[in-house]
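The values are calculated or read from the model by the stated rules, or taken from the named source; none is laboratory data. Remember, predicted model here, so these are calculated numbers, not experimental data. For neighbour counting, all protein chains shown are included, and Cβ atoms are generated from backbone atoms with ideal geometry for every residue, glycine included. Ligands, DNA and RNA are stripped out before the accessible areas are found, and what is left, the full protein with its side chains, is counted by its heavy atoms. Shrake-Rupley method; radii C 1.70, N 1.55, O 1.52, S 1.80 Å.
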Amino acid sequence: MSLVIASQLEPEHNEALARHPLRPRVIAASEEEPWRAADEADVLVVRPSPVWREAGRAPVPAPWPGRLRWVCSASAGVDFYPAWLLEAPLVTCARGTASEEIADYVIGALYRQAKDFDGAVARGPQEWRYRPLGQVLGSTVGLIGLGAIGTAVARRALALGARVVAVRRSGGGGSGSGGSLVPGVEVVERVEDVVAQADHIVVAVPATPATRHLVNADLLARARPGAHLVNVARGSVVDQEALLAALDAGQLGFATLDVTEPEPLPAGHRLYTHPRVRLTPHLASNYTLARDKLLAKILADITRFGAGERPSDVVEPARGY
């Protein structure tokens with residue numbers, strides 16, 4: 001099988017792709033117009049570079065999808081790309097490649113909020129006094145989304161003695177191990193039921209039109225006073241103005257955000273300086289460690305594709321993930 005792969009990955013990863021047993025011809029996709037590779041490639045490996053966001057504001061480029069048979073996204077979400085990218089015959093995503101790293105970030109956020117080590121630091125004898133520390137043990141972690149990331153968070157939280165309640169975007173009710181892929185997770189029917197019970201609310205759903213502002217004023221009003229919101233999904237899933245209002249009113253105790261809308265936020269935005277917000281610049285996936293898992297996944301999918309099989313994690317255009 002003669003296979004041409006156009007790739008936006010780093011040169012060392014492209015070299016690894018070229019060493020695949022199928023010996024594909026690997027070319028670097030243009031950084032300015034990576035979609036132009038549709039003219040000459042069978043496979044296009046894309047990453048969420050800024051040009052894709054801009055491309056969504058322009059008409060569908062003339063060659064698209066050209067001779068392409070497969071578009072392979074190096075990101076789990078495909079919301080960053082223009083809608084016309086999904087017109088390719090086959091689109092896959094990198095679901096699961098960074099879930100363990102993101103889950104570690106979430107657990108770190110939970111512990112940092114529960115223990116408040118920063119607030120407990122003694123900087124002199126006048127501050128040498130007892131201060132109660134919270135616990136993750138015995139707390140309730142609510143998961144909005146039980147995909148690869150939610151599952152990885154659930155395993156960790158259960159091991160730490162937390163109760164885990166989750167809602168799955170594919171539905172499914174019941175409680176205990178019977179309704180969940182992770183034994184011990186209580187799966188409920190509605191996102192409102194998760195929020196009402198949780199000490200820590202973890203948002204881990206894909207960004208789609210259906211999930212835009214899923215976490216809104218009405219939902220936040222159901223939160224337990226002092227609850228901690230962690231968003232490792234996309235900024236669009238949370239109504240940021242509603243979030244700020246809930247924090248100001250004390251309905252929420254704190255928010256840990258790795259994603260915002262837009263990214264980066266404009267200078268002077270309140271989320272940068274709000275005393276009840278910890279904002280990190282979309283780094284939970286820890287890409288420098290996760291990229292080796294990404295490469296292994298792509299290589300395995302090339303093997304499947306070359307054998308006439310479907311690669312893993314095919315995106316459903318109607319759902320957008």
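Table: residues versus (1) among the acidic types (Asp, Glu); (2) modelled with pLDDT of 95 or more; (3) part of a loop (DSSP other than H, G, I, E, B); (4) closer than 17 Å to Ile107 by Cα.
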site: Gln135; (1), (2), (3), (4): no, yes, yes, yes
site: Gly138; (1), (2), (3), (4): no, yes, yes, yes
site: Val141; (1), (2), (3), (4): no, yes, no, yes
site: Leu146; (1), (2), (3), (4): no, yes, yes, yes
site: Ala157; (1), (2), (3), (4): no, yes, no, yes
site: Gly161; (1), (2), (3), (4): no, yes, yes, yes
site: Ser177; (1), (2), (3), (4): no, no, no, no
Residue in region 81-96 that is in a helix (DSSP H, G or I), more than 12 Å from the chain's Cα centre (by Cα) and small (Gly, Ala, Ser) present = yes
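Just to be sure, is Leu299 within 14 Å of Thr97 (Cα to Cα), in a helix (DSSP H, G or I) and within 18 Å of the chain's Cα centre (by Cα)?
Details: within 14 Å of Thr97 (Cα to Cα): yes; in a helix (DSSP H, G or I): yes; within 18 Å of the chain's Cα centre (by Cα): no.
Spelling it out, it is not the case that Leu299 is within 14 Å of Thr97 (Cα to Cα), in a helix (DSSP H, G or I) and within 18 Å of the chain's Cα centre (by Cα).
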Residues in region 37-49 that are within 26 Å of Glu263 (Cβ to Cβ) and open to solvent by 50 Å² or more (accessible area, probe 1.4 Å): how many?
-> 2
Taking first residues from region 4-26 that are open to solvent by 90 Å² or more (accessible area, probe 1.4 Å) and second residues anywhere that are assigned to a helix (DSSP H, G or I), the pairs with Cβ under 8 Å that are 6 or more apart or on different chains are Pro21/Thr303; Arg25/Ala18
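Given the criteria of a type in the set (Lys, Arg), over 16 Å from the mean Cα position of the chain (by Cα) and open to solvent by 40 Å² or more (accessible area, probe 1.4 Å), does Arg212 qualify?
Details: of a type in the set (Lys, Arg): yes; over 16 Å from the mean Cα position of the chain (by Cα): no; open to solvent by 40 Å² or more (accessible area, probe 1.4 Å): yes.
Judged against the criteria, Arg212 is not a match.
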Subset of region 224-263, residues assigned to a loop (DSSP other than H, G, I, E, B) and under 25 Å from Thr208 (Cα atoms), comes to Val232, Ala233, Arg234, Asp239, Asp258, Val259, Thr260, Glu261, Pro262, Glu263
Which of the residues belonging to region 83-131 are within 18 Å of Gly253 (Cα to Cα) and either surrounded by 14 or more Cβ atoms within 10 Å (Cβ to Cβ) or modelled with pLDDT of 95 or more (or both)?
-> Val106, Ile107, Gly108, Ala109, Leu110, Tyr111, Arg112, Gln113, Ala114, Lys115, Asp116
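Considering only region 70-80, how many residues are touching a residue at least 40 places away in the same chain (Cβ under 8 Å) and either surrounded by fewer than 16 Cβ atoms within 10 Å (Cβ to Cβ) or in a loop (DSSP other than H, G, I, E, B) (or both)?
At the first step, the residues of region 70-80 found to be touching a residue at least 40 places away in the same chain (Cβ under 8 Å) are 70, 72-74, 76-79.
The next check asks that each one be either surrounded by fewer than 16 Cβ atoms within 10 Å (Cβ to Cβ) or in a loop (DSSP other than H, G, I, E, B) (or both); those that pass are 74, 76-79.
Selection size over region 70-80: 5.
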Matching option when the condition is open to solvent by less than 80 Å² (accessible area, probe 1.4 Å), out of contact with any helix residue (DSSP H, G or I) (no Cβ under 7 Å at 6 or more places or on another chain) and not in a helix (DSSP H, G or I), among Pro275, Pro266, Pro311, Pro281 | Pro266
